Amino acid sequence: MKRLCTLCARGGSKGVKGKNLRELAGKPLLAYSILQAQKSGLFDSIAVSSDSEQILSVAREYGVELAIVRPAEMATDTAGKLPAIRHCVLSAETTLDRRFDIIVDLDATSPLRLVSDIQGAVQLLESSDAPNVITGAPARRSPYFNLAEELSDGSVKLAKTLSNPILRRQDAPRCFDMNASIYAWKRQTLMDCEGVFQTGTRLFEMPEERSIDIDSELDFEWVKFIAIHRKRFQDVW
């Protein structure tokens, strides 16, 4: 079973400028995902895809041999991530003259995952019939109990309902906030799919404190606070 880890990191960011290279507890943000992938022991190769030569240079500094230039049209604010991942995979396979079975994409903006989270997500994928695995944390709000949806006339209603009304949050089906941390795919599914959710998609659960995805300055401050505390005990967690 050949496994490839991809990290797709754009140079531009509106919410947090230059966030992929921004220093976090002594390292560029991107470095944490690279080091976690290396420490997991799972991957035959690690590839970083970016439109930024500075990002690719930092990737090389941290031992990444596959520094792949992402086409400009795949690096805009409106571009989807799936085409970028597929381009990264195909470029890596062409360079190495090798075909991978499992693709795991780590989001550089979610550095608080543990190495064991990556291992757990991959184990779930490979031990099941699931076409892919995503990660998430238990949802703070349940769409069956206390999450409102706005209608076209401006009124609101409960986002989801069941035939029997839910009186307690604990009685509602379990729901999760996707944390954008780890996406694990069987290769053919990744190449054929049009979205993340497929028939049989599974979720690897992570706690809230490891599920912060940096999309604002406030997110970055929360991550920095947790990272500095963790760094007292271990380097890459």
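The values are calculated or read from the model by the stated rules, or taken from the named source; none is laboratory data. Remember, predicted model here, so these are calculated numbers, not experimental data. For neighbour counting, all protein chains shown are included, and Cβ atoms are generated from backbone atoms with ideal geometry for every residue, glycine included.
Values as computed for the structure displayed
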item: Selected residue [at pLDDT 90 or above, surrounded by 12 or more Cβ atoms within 10 Å (Cβ to Cβ) and assigned by TED's automatic domain parsing to the domain that holds Val133] from Leu190, Leu158; result: Leu190
item: Candidate set from segment 116-129 (those that are touching a helix residue (DSSP H, G or I) at 6+ places or on another chain (Cβ under 7 Å) and surrounded by 18 or more Cβ atoms within 10 Å (Cβ to Cβ)); member that is nearest to Arg3 (Cα to Cα); result: Ile118
item: Residue that is surrounded by the most Cβ atoms within 10 Å (Cβ to Cβ), among those in segment 132-155 that are under 24 Å from the mean Cα position of the chain (by Cα) and hydroxyl-bearing (Ser, Thr, Tyr); result: Thr135
item: Per-region count, segment 158-214, residues in a loop (DSSP other than H, G, I, E, B) and either over 24 Å from Leu82 (Cβ atoms) or of a type in the set (A, V, I, L, M, F, W, C) (or both); result: 22
item: Members of segment 115-155 that are touching a Lys or Arg at 6+ places or on another chain (Cβ under 7 Å), of a type in the set (D, E, K, R) and not assigned by TED's automatic domain parsing to the domain that holds Gln38; result: Glu149
item: Neighbours by Cβ (under 8 Å, 6+ apart or cross-chain): first from segment 75-97, in the same structural domain as Leu190 (by TED's automatic domain parsing); second crowded, with 17+ Cβ neighbours inside 10 Å and of a type in the set (Phe, Trp, Tyr); result: Ile85/Tyr183; Val89/Phe100; Ala92/Phe100; Glu93/Phe100
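Matching residues to (1) modelled with pLDDT of 95 or more; (2) over 20 Å from Ser110 (Cβ atoms); (3) not in a strand (DSSP E or B):
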residue	(1), (2), (3)
Lys17	no, no, yes
Arg60	yes, yes, yes
Glu73	no, yes, yes
Thr78	no, yes, yes
